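Below you'll find the structure I mean.
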Amino acid sequence: MLDLSQFQATGKETVFHGRHINPQIYAGIDGNNWGLKDYEARGGYAALRKILGRDGGEGMSQDQVIAEVKASALRGRGGAGFPTGLKWSFMPRAFPGQKYLVCNSDEGEPGTAKDREILRFNPHTVIEGMAIAAYAMGITVGYNYIHGEIFEAYERFEAALDEARAAGYLGDHIMGSNFSFQLHAFHGFGAYICGEETALLESLEGKKGQPRFKPPFPASFGLYGKPTTINNTETFAAVPWIIRNGGEAFLAAGKPNNGGTKLFTISGDVERPGNYEIPMGTPFATLLELAGGVRGGKKLKAVIPGGSSSPVIPADTMMACTMDYDSIAKAGSMLGSGAVIVMDETRCMVKSLQRLSYFYMHESCGQCTPCREGTGWLWRMVDRIENGHGRPEDIEMLDNVAENIQGRTICALGDAAAMPVRAFIKHYRDEFVHHIEHKTCVVPAYI
Ligand SMILES: Cc1cc2nc3c(=O)[nH]c(=O)nc-3n(C[C@H](O)[C@H](O)[C@H](O)COP(=O)(O)O)c2cc1C
């Protein structure tokens, strides 16, 4: 049993360098007001009251709640951007046995550090969002799977759960209604693969975190083989705002097909790395400005827009993008989890890819041959190019190995390892060639 007392929150934390534009999740957050009373003062649990008819109103039916979430154009914040309302409608509501709701707070993607901060600074919005989701889908038991290397967020979420239970927002007959929902925190195992939803379910069941074949999808065969809905932490965190203000208002706060605000974690070569909540569709240039611009006034070289698995985008293309699923997809990448890694002109792309490839080799669960073997080969080849032992044929071979991993594995970790390789080669082939021909880097800082 871990002794969590050594990670005790001081209560004096400040929001992780946050600067936001019209925030929804971070509205009114000052770093110290995570508790129930403050959350209620910000309008917290009003949405749960509303759907249960405990605000003097008529309440909302399950269909009405799902329709509101559909109208909001909320898309899953875990990476794939799947429409949340649609996912909720897949849950077989009339299923006679136990159904489960799971929150994915695994957050292992390099560059991503938003979910842990929501849990630290606004944990009740996740609890309320999950309770609303459970009501809409007729679910009575839920778990929040929190990454095993994140202690403070886990501890904070546990404390918030205690508060919510004591206040009657969780448990049997919530606020005297017929709706009951038991919610638990689960401290996970600190592996990237445990963020993949079916590996997460295996891990939650106490087994080794390895992905399952899909189909069947979790909506029909999930936790303990029962219908299960899994959403990301930020996805749930957005739900109370939607119910309080209406799906249309959420949609209007973003752009068509990309409702609401989104949290972006900016890291790398910027003056103020951190989490920024901005409306979907905000120009990348504005986000970069919020983060203080490129560090030291240097020139922007490239951006990885959605966590390490999303293909790198060269500076010019990125500066023309807006921060939403559609714009980033059009630029040939993915918004993913919203982890924006900024690289300035001094970054060597071979070295950057060497580091990324090492991560994927290390995190491959080993279940599928193309991923288990292929990620190792990708790293070995990039490593030898970086270290001056590259061969002229390596570049084509790298692309070929990546191509043969992509789409040939049970889960998307294989794709996540392959896509960055192909994008780095596509946009920065010259640097790879230079490394091979001259056994040194094209970037002066690395020579
Ligand atoms: C290798 C891998 C790692 C993932 N890690 C996470 C994660 O840390 N958090 C997360 O929410 N989703 C992660 N996902 C996506 C989940 O499988 C799933 O799509 C997501 O939790 C669904 O929630 P959403 O619809 O709200 O986005 C990962 C997927 C893969 C393939």
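The values are calculated or read from the model by the stated rules, or taken from the named source; none is laboratory data. Treat the numbers as computed from the prediction; the structure is a model and nothing was measured. So basically every Cβ, Gly included, is an ideal-geometry build from the backbone, and we count neighbours across all protein chains shown.
When region 199-228 is examined, which residues are found to be within 13 Å of the ligand (Cβ to nearest atom), of a type in the set (Ser, Thr, Tyr) and either surrounded by fewer than 24 Cβ atoms within 10 Å (Cβ to Cβ) or not assigned by the TED database to the domain that holds CYS103 (or both)?
Answer for region 199-228, where residues must be within 13 Å of the ligand (Cβ to nearest atom), of a type in the set (Ser, Thr, Tyr) and either surrounded by fewer than 24 Cβ atoms within 10 Å (Cβ to Cβ) or not assigned by the TED database to the domain that holds CYS103 (or both): just SER203.
Every residue in region 19-63 that is surrounded by fewer than 20 Cβ atoms within 10 Å (Cβ to Cβ) and among the hydroxyl-bearing types (Ser, Thr, Tyr), please.
If the condition is that a residue be surrounded by fewer than 20 Cβ atoms within 10 Å (Cβ to Cβ) and among the hydroxyl-bearing types (Ser, Thr, Tyr), then SER61 is the only one that fits.
Follow-up question, since we're still on this one. For ALA185, indicate whether it is within 16 Å of the ligand (Cβ to nearest atom) and at pLDDT 95 or above.
Spelling it out, ALA185 is indeed within 16 Å of the ligand (Cβ to nearest atom) and at pLDDT 95 or above.
Still on this model: Output the residues belonging to region 378-432 that are closer than 30 Å to PHE217 by Cβ and of a type in the set (D, E, K, R).
GLU403, ARG408, ASP415, ARG422, listed by residue number.
For region 223-239, what are the residues that are within 20 Å of the chain's Cα centre (by Cα) and farther than 22 Å from GLY43 by Cβ?
If the condition is that a residue be within 20 Å of the chain's Cα centre (by Cα) and farther than 22 Å from GLY43 by Cβ, then THR228, THR229, ILE230, ASN232 are the ones that fit.
Then there's this: If I ask for residues that are closer than 26 Å to VAL443 by Cα and either modelled with pLDDT under 95 or out of contact with any Phe, Trp or Tyr (no Cβ under 8 Å at 6 or more places or on another chain) (or both), which ones from region 401-419 would you list?
Passing the criteria: ALA402, ALA418, MET419.
What's the total number of residues in region 72-86 that are near the ligand (Cβ under 8 Å from one of its atoms) and either surrounded by fewer than 17 Cβ atoms within 10 Å (Cβ to Cβ) or basic (Lys, Arg) (or both)?
4
Here's a follow-up. Is it the case that VAL382 is within 30 Å of VAL270 (Cα to Cα), in a helix (DSSP H, G or I) and either over 26 Å from the mean Cα position of the chain (by Cα) or small (Gly, Ala, Ser) (or both)?
yes
Then there is this: Would you pick out the residues in region 405-429 that are more than 10 Å from the ligand (Cβ to nearest atom), touching a helix residue (DSSP H, G or I) at 6+ places or on another chain (Cβ under 6 Å) and closer than 26 Å to GLU197 by Cα?
Of everything in region 405-429, those that are more than 10 Å from the ligand (Cβ to nearest atom), touching a helix residue (DSSP H, G or I) at 6+ places or on another chain (Cβ under 6 Å) and closer than 26 Å to GLU197 by Cα turn out to be ILE405, GLN406, ARG408, ALA418, PRO420, VAL421, ARG422.
Additional query: Would you be able to tell me the number of residues in region 82-133 that are touching a Pro at 6+ places or on another chain (Cβ under 8 Å) and part of a helix (DSSP H, G or I)?
Qualifying residue count for the region: 4.
Condition first: within 18 Å of LYS351 (Cβ to Cβ) and crowded, with 19+ Cβ neighbours inside 10 Å. Now tell me which residues in region 407-433 satisfy that.
ALA417, PRO420, VAL421, ALA423, PHE424, ILE425, TYR428, GLU431, PHE432
A further question on this structure: Could you tell me whether any residue of region 278-301 is within 15 Å of the ligand (Cβ to nearest atom), in contact with a strand residue (DSSP E or B) (Cβ under 9 Å, 6 or more places away or on another chain) and not aromatic (Phe, Trp, Tyr)?
Looking through region 278-301, at least one residue is within 15 Å of the ligand (Cβ to nearest atom), in contact with a strand residue (DSSP E or B) (Cβ under 9 Å, 6 or more places away or on another chain) and not aromatic (Phe, Trp, Tyr).
Can you tell me which residue is farthest from the ligand (Cβ to nearest atom) among those in region 342-374 that are assigned to a helix (DSSP H, G or I), closer than 14 Å to CYS411 by Cα and touching a residue at least 24 places away in the same chain (Cβ under 8 Å)?
PRO370
Okay, next question. Please pick out the residue among GLY332, GLY388 that is free of Cβ contacts under 8 Å to residues at least 60 places away in the same chain and not in a helix (DSSP H, G or I).
GLY388
Has region 163-186 got any residue that is farther than 30 Å from ALA412 by Cα and touching an Asp or Glu at 6+ places or on another chain (Cβ under 6 Å)?
yes
Considering only residues that are over 16 Å from the mean Cα position of the chain (by Cα) and assigned to a loop (DSSP other than H, G, I, E, B), look in region 139-148 and name the one that is farthest from PRO218 (Cα to Cα).
THR140
I would also like to ask the following. Any idea which of (1) in contact (Cβ under 8 Å) with a residue 24 or more places away in the chain; (2) surrounded by 21 or more Cβ atoms within 10 Å (Cβ to Cβ); (3) closer than 23 Å to GLN24 by Cβ; (4) not basic (Lys, Arg) is the one SER310 doesn't satisfy?
(3)
Do you know which residues across region 106-143 are closer than 14 Å to LEU183 by Cα and within 11 Å of the ligand (Cβ to nearest atom)?
Scanning region 106-143 gives GLY129, ALA133.
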